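J.: Can you read through this structure? Questions will come right after.
The values are calculated or read from the model by the stated rules, or taken from the named source; none is laboratory data. Values in this document were obtained by computation on a predicted structure and should not be read as measured data. Cβ atoms come from the backbone with ideal geometry, glycine included; neighbour counts cover every protein chain shown.
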Amino acid sequence: MSDTTTSGPMLAADGTPLKTSLARALRRQKLRALALIAPLLLFVVITFIIPIASMLLRSVENEIVSNTMPQATEALQSWDASSDTPPDEAVFQALYFDLFRAAEAKEHTKLGTRLNYEQTGTSSLFRTSGRNLDKVGEEWQDPIEDIAPALKDGETWYAMMSGTGGEALLESRRALWNQMVPGDFGGDVGLTLSTEIIELLPLTSAAYADWAIFEALEKGRDVSSRDPWEAVYAALGLDLRAEATVAAVNAYQGPHADDLRLLTANLDQLPDLTFRDAFADLDEDWLDPEVWQTIQIYSPSYTSGYFLNAVDMEKGPEGAQARPDNQRIYNKLFVRTLWMSLVITASCIVLGYPVAWILANLPMRTANVLMILVLLPFWTSLLVRTSAWKVLLQQQGVINDILVWLGFVDDANRLILMNNATGTVIAMTHILLPFMILPLYSVMKTIPPTYLRAAKSLGATNWTAFWRVYFPQSVPGIGAGSILVFILAIGYYITPEIVGGTDGVFISNRIAYHISSSLNWGLAAALGTILLAVVLLLYWLYDRIVGIDNVKLGG
Amino acid sequence: MLDASVDQSFVKFDRVQKSYDGENLVVKDLNLSMPKGEFLTMLGPSGSGKTTCLMMLAGFETATHGEILLDGNPINNIPPHKRGIGMVFQNYALFPHMTVAENLAFPLEVRKMDKATREEKVKRALDMVQMGAFGGRRPAQLSGGQQQRIALARALVFEPELVLMDEPLGALDKQLREHMQFEITRLAHDLGITTVYVTHDQTEALTMSDRVAVFEDGRIQQLAPPDTLYEEPENSFVAQFIGENNTLEGVVTKINGPDLCEVKLDGGELIDAKPVNVSNVGDRTRVSIRPERVEMNQERLQDGAHTLKAEVLEFIYMGDIFRTRLRVAGNEEFVVKTRNAPDQARLKPGTHVDIGWLPQDCRALDA
């Protein structure tokens with residue numbers, strides 16, 4: 001540009017650069033335009049874009065596993081999934097404390113449901129285990145209370161654990177609670193752990209902090225007088241197993257040190273229980289490596305599992321693999337949805353084109369009256385129209401009755417027009433027909449009749465004139481109508497649901513099922529995302545082949 | 001031009017009537033004969049039935065009564081695509097989805113000509129309208145004048161013997177229109193094509209045609225070559241419609257043979273005029289005089305000229321001519337056109353002058 005090389009930027013009359021001056025002049029206009037669209041923009045963003053985005057995010061989001069079992073998933077990372085043996089004791093120990101917390105907060109069933117999508121049976125495994133987890137802790141609690149009766153009392157515990165400097169541990173445990181049950185655990189717990197006891201009994205301190213936070217903030221009780229839950233006793237038992245801890249306890253001078261020393265003196269009375277055995281006792285399945293494989297595969301915060309599911313694949317230890325034949329459903333449904341949408345679009349073109357042509361070539365008055373007939377279905381509820389088709393199409397319905405009465409069909413072999421693909425195609429073609437006729441009509445309206453006259457005056461027969469001159473000019477209308485009908489059809493739900501039976505349902509019916517019945521929102525989101533991607537891809541293809549400029553809705 | 005006597009009625013309308021609603025006749029009793037090679041213009045105000053006639057000839061409308069003959073054969077029942085008549089439409093009707101060359105090849109293609117012939121004919125037609133370089137363009141990429149040429153070339157490319165044009169120059173600006181008028185006439189005469197041209201622009205009609213048919217109220221008011229039409233209009237409508245005209249109203253008082261009568265104007269003045277369609281003493285009449293046939297310079301008045309007193313109301317300088325508006329015998333819209341000559345006086349409003357004209361330029365028409 002010459003103005004930058006030779007004379008510098010172009011200047012306005014007052015000496016400011018022209019661009020700045022222009023931008024300033026346009027800013028007010030832009031702001032006003034923005035203000036005008038702001039209400040609608042806000043409405044769309046809040047009610048449409050944000051919910052859709054969050055819904056789509058669900059298709060990859062998988063934080064529930066690591067949020068509910070933060071310690072177990074971390075411990076499980078080093079486990080070799082292909083080893084065919086269950087993980088070691090450290091994992092089971094972490095699982096115990098995680099699951100205990102989850103069971104108290106009633107979160108373990110949600111996790112079970114989530115993992116059940118990937119491996120059947122997980123749901124009941126988590127439910128029954130969570131219910132019986134208390135018994136594991138009691139294995140420690142009973143002997144500890146026998147040896148040191150003072151530890152039966154919540155006040156003893158509170159005095160023993162309290163001190164100064166332990167805020168960091170409390171906060172880190174609070175963060176874990178917040179992950180599991182978002183945002184529930186703010187406020188004062190009424191407890192400050194002592195640094196000495198944290199150093200002396202790390203597991204016990206963590207378990208006590210967990211309990212104190214839950215007791216104070218979820219149940220609203222005063223932790224200084226309440227008895228801690230069983231997991232705290234189990235943690236104490238575990239802490240005391242270490243020789244170094246025993247020595248340290250014997251040297252400890254803090255509150256209730258003598259009670260602890262009672263325990264170290266009677267270590268032989270504490271159970272020699274492993275959590276692995278305890279869990280195996282609760283449910284044999286905990287020793288099944290497949291359960292652990294599933295947990296390990298789904299422990300990252302984001303997963304491609306839902307998407308793999310949506311295309312009939314699953315995540316195995318060696319990566320993605322096809323599902324067994326009898327579990328494949330979605331690919332077939334996608335193909336059927338696409339194919340039936342195409343058939344519906346084609347029938348709409350075949351039925352709609354002549355109607356649009358007649359409408360466009362009639363005098364305005366007559367055309368307007370007939371247009372009302374085209375628009376009439378819009379004023380009737382979709383549900384009513386589809387139900388009407390049910391009446392018409394069923395085997396004892398109007399159409400079959402007429403055909404039998406006319407003798408075209410034998411009474412014993414009435415046509416099956418409903419609860420299959422035929423029903424869906426018939427009803428949806430009828431319902432989507434206006435969306436084909438309207439753009440076709442508005443495009444045809446703009447084609448002057450002189451073109452046909454000109455073609456005929458040049459020697460073309462009626463058919464040639466139509467095919468060579470009129471039809472090519474109406475193609476933009478066909479394009480617009482087809483895109484409209486196809487995209488509407490591909491996401492249709494109500495009509496296939498009512499008249500589609502099993503052979504005539506679309507992928508959208510499956511999405512609805514996962515949203516409202518199976519509550520597998522992640523899979524529903526993945527299916528929806530794929531559907532959206534397919535539509536965008538087809539739109540892009542259409543643009544490449546036909547050109548979106550050639551799509552006219554009128555004018 | 002072909003010898004006109006060979007085929008005096010190449011196109012013939014025989015007592016043709018047309019009604020759209022069964023109540024009103026749009027075309028009332030049309031009779032018209034056209035020799036081969038003639039350039040005939042149908043001229044008239046809108047709603048006069050001229051376009052309907054063209055559409056009946058093209059086959060897009062059917063005559064309610066009467067017959068249309070082309071080259072001696074009745075064509076009422078022949079569909080438009082079999083008539084072999086070229087047509088240029090008002091808005092050109094070039095097919096927007098085809099290139100210029102494809103547009104031109106279309107009539108040849110539907111006539112099943114082979115590719116080589118097609119290409120050659122298209123090229124020749126494009127060269128004919130000086131558009132040889134534009135074959136690959138789309139109509140939308142051309143200017144109005146260029147589209148007009150292409151439309152013309154398309155109507156001519158399949159060598160029809162009859163070409164119809166429906167106000168083809170209506171959408172062009174004045175300069176281009178004048179240029180195209182000349183070009184269309186040249187092409188039509190060079191190729192010896194019989195042309196029916198519809199327009200409401202009288203200048204176009206006068207400059208282009210061999211004969212002009214003036215339409216009004218579903219009838220041909222006068223069918224004549226341009227000069228006859230202008231100089232010898234047969235009734236008041238034609239006199240008013242073609243060119244500028246001064247009208248004085250009065251009553252016939254005396255008829256002195258076929259070429260002279262006496263008219264007493266409503267203002268009381270007596271003038272001589274040529275009786276055209278007045279036959280009886282006592283008939284009311286409109287006397288018509290062309291503005292350029294009125295003389296204001298007494299010295300130039302020829303023998304036998306008739307003089308009247310007039311008062312100048314307005315003087316307009318128009319370059320090549322002066323236009324003077326006068327009050328003559330009570331008519332305040334009496335216009336005189338004089339050539340801008342050195343000795344021509346430029347009259348001031350309010351001046352009283354004597355004006356005069358020859359009785360044969362003064363035509364007594366129907367009232």
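J.: Within the stretch A:446-502, how many residues are within 14 Å of chain B (Cβ to nearest Cβ), touching a residue at least 12 places away in the same chain (Cβ under 8 Å) and hydroxyl-bearing (Ser, Thr, Tyr)?
T.: 4
J.: Scan the stretch A:301-360 for residues that are within 25 Å of A:Asn420 (Cβ to Cβ) and modelled with pLDDT under 85 and report the count.
T.: The qualifying residues number 3.
J.: May I pose another question? Since A:Gln473 meets every condition but one in (1) modelled with pLDDT under 90; (2) touching a His at 6+ places or on another chain (Cβ under 7 Å); (3) closer than 30 Å to B:Ile85 by Cα, which condition does it not meet?
T.: (1)
J.: Let me ask another. Can you spot a residue in the stretch A:207-214 that is part of a loop (DSSP other than H, G, I, E, B) and crowded, with 17+ Cβ neighbours inside 10 Å?
T.: No; the residues of the stretch A:207-214 include none that is part of a loop (DSSP other than H, G, I, E, B) and crowded, with 17+ Cβ neighbours inside 10 Å.
J.: Being charged (D, E, K, R) and more than 28 Å from A:Tyr493 (Cα to Cα) is the filter here, so list the residues in the stretch A:298-336 that pass it.
T.: Result: A:Lys315, A:Glu318.
J.: I'd like the full set of residues that are in contact (Cβ under 8 Å) with a residue 24 or more places away in the chain and on the phi > 0 side of the Ramachandran plot, limited to the stretch B:45-66.
T.: Answer for the stretch B:45-66, where residues must be in contact (Cβ under 8 Å) with a residue 24 or more places away in the chain and on the phi > 0 side of the Ramachandran plot: B:Gly49, B:Gly59, B:Gly66.
J.: Which condition number in (1) assigned to a helix (DSSP H, G or I); (2) crowded, with 23+ Cβ neighbours inside 10 Å; (3) touching a Leu at 6+ places or on another chain (Cβ under 9 Å) is the one that A:Ile399 fails?
T.: Exception for A:Ile399: condition (2).
J.: Right, here's the next one. Name every residue in the stretch B:341-367 that is in a loop (DSSP other than H, G, I, E, B), over 17 Å from B:Glu244 (Cβ atoms) and out of contact with any Lys or Arg (no Cβ under 6 Å at 6 or more places or on another chain), in order of residue number.
T.: Hits for the stretch B:341-367 are B:Ala341, B:Pro342, B:Asp343, B:Gln344, B:Ala345, B:Arg346, B:Leu347, B:Lys348, B:Pro349, B:Gly350, B:Thr351, B:Leu358.
J.: Something else about it: Can we say B:Gln222 is among the polar types (S, T, N, Q), more than 11 Å from the chain's Cα centre (by Cα), modelled with pLDDT of 90 or more and farther than 23 Å from B:Arg83 by Cα?
T.: In short, no.
J.: Here is a further query. Being at pLDDT 90 or above and over 24 Å from the mean Cα position of the chain (by Cα) narrows it down to one residue among A:Leu95, A:Leu133; which is it?
T.: Just a single option satisfies the conditions, and that option is A:Leu95.
J.: Which numbered condition in (1) modelled with pLDDT of 90 or more; (2) not in a loop (DSSP other than H, G, I, E, B) is the only one that B:Asp29 fails?
T.: Unmet for B:Asp29, out of (1) modelled with pLDDT of 90 or more; (2) not in a loop (DSSP other than H, G, I, E, B): (1).
J.: If only one of A:Ile197, A:Ile213 is touching a Lys or Arg at 6+ places or on another chain (Cβ under 6 Å) and not charged (D, E, K, R), which one is it?
T.: Only one candidate passes the filter, namely A:Ile213.
J.: Something else now. Can you tell me which condition B:Val198 does not meet? The list is (1) farther than 30 Å from B:Arg124 by Cβ; (2) under 20 Å from the mean Cα position of the chain (by Cα); (3) in a strand (DSSP E or B), and all the others hold.
T.: Of the numbered conditions (1) farther than 30 Å from B:Arg124 by Cβ; (2) under 20 Å from the mean Cα position of the chain (by Cα); (3) in a strand (DSSP E or B), the odd one out for B:Val198 is (1).
J.: Moving to a separate point now. Could you pull out every one of the helices (runs of 4 or more DSSP H) wholly within the stretch A:7-87 that has 3 or more residues that are within 30 Å of A:Pro300 (Cβ to Cβ)?
T.: Of the helices (runs of 4 or more DSSP H) lying wholly inside the stretch A:7-87, those with at least 3 residues that are within 30 Å of A:Pro300 (Cβ to Cβ) span A:50-57, A:63-68, A:70-76.
J.: Within the stretch A:144-168, how many residues turn out to be surrounded by fewer than 19 Cβ atoms within 10 Å (Cβ to Cβ) and in a helix (DSSP H, G or I)?
T.: So the count comes out to 12.
J.: Could you say which residue among B:Phe134, B:Phe158, B:Phe215 is surrounded by 15 or more Cβ atoms within 10 Å (Cβ to Cβ), in contact with a Cys (Cβ under 9 Å, 6 or more places away or on another chain) and in the same structural domain as B:Asn103 (by TED's automatic domain parsing)?
T.: B:Phe215
J.: From (1) touching a Lys or Arg at 6+ places or on another chain (Cβ under 9 Å); (2) surrounded by fewer than 20 Cβ atoms within 10 Å (Cβ to Cβ); (3) within 14 Å of chain B (Cβ to nearest Cβ), pick out the condition that doesn't hold for A:Pro377.
T.: (3)
J.: Whether any residue in the stretch B:83-95 is more than 27 Å from the chain's Cα centre (by Cα) and either surrounded by fewer than 16 Cβ atoms within 10 Å (Cβ to Cβ) or not in a loop (DSSP other than H, G, I, E, B) (or both) is what I want to check.
T.: Checked the stretch B:83-95: no residue is more than 27 Å from the chain's Cα centre (by Cα) and either surrounded by fewer than 16 Cβ atoms within 10 Å (Cβ to Cβ) or not in a loop (DSSP other than H, G, I, E, B) (or both).
Rundown of residues vs (1) out of contact with any Lys or Arg (no Cβ under 8 Å at 6 or more places or on another chain); (2) within 11 Å of chain A (Cβ to nearest Cβ), yes/no style:
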residue: B:Tyr92; (1), (2): yes, yes
residue: B:Glu102; (1), (2): yes, yes
residue: B:Leu108; (1), (2): no, yes
residue: B:Arg111; (1), (2): yes, yes
residue: B:Arg118; (1), (2): yes, no
residue: B:Val122; (1), (2): yes, no
residue: B:Gly136; (1), (2): yes, no
residue: B:Ala140; (1), (2): yes, no
residue: B:Arg149; (1), (2): yes, no
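J.: Still on this structure, please answer the following. Looking only at the stretch B:96-118, which residues are over 34 Å from the mean Cα position of the chain (by Cα) and among the small types (Gly, Ala, Ser)?
T.: B:Ala116
J.: On to the next question. From the list A:Ile358, A:Ile437, exactly one residue is touching a residue at least 60 places away in the same chain (Cβ under 8 Å) and under 17 Å from A:Ile478 (Cα atoms). Which is it?
T.: Within the list A:Ile358, A:Ile437, the selection yields A:Ile437.
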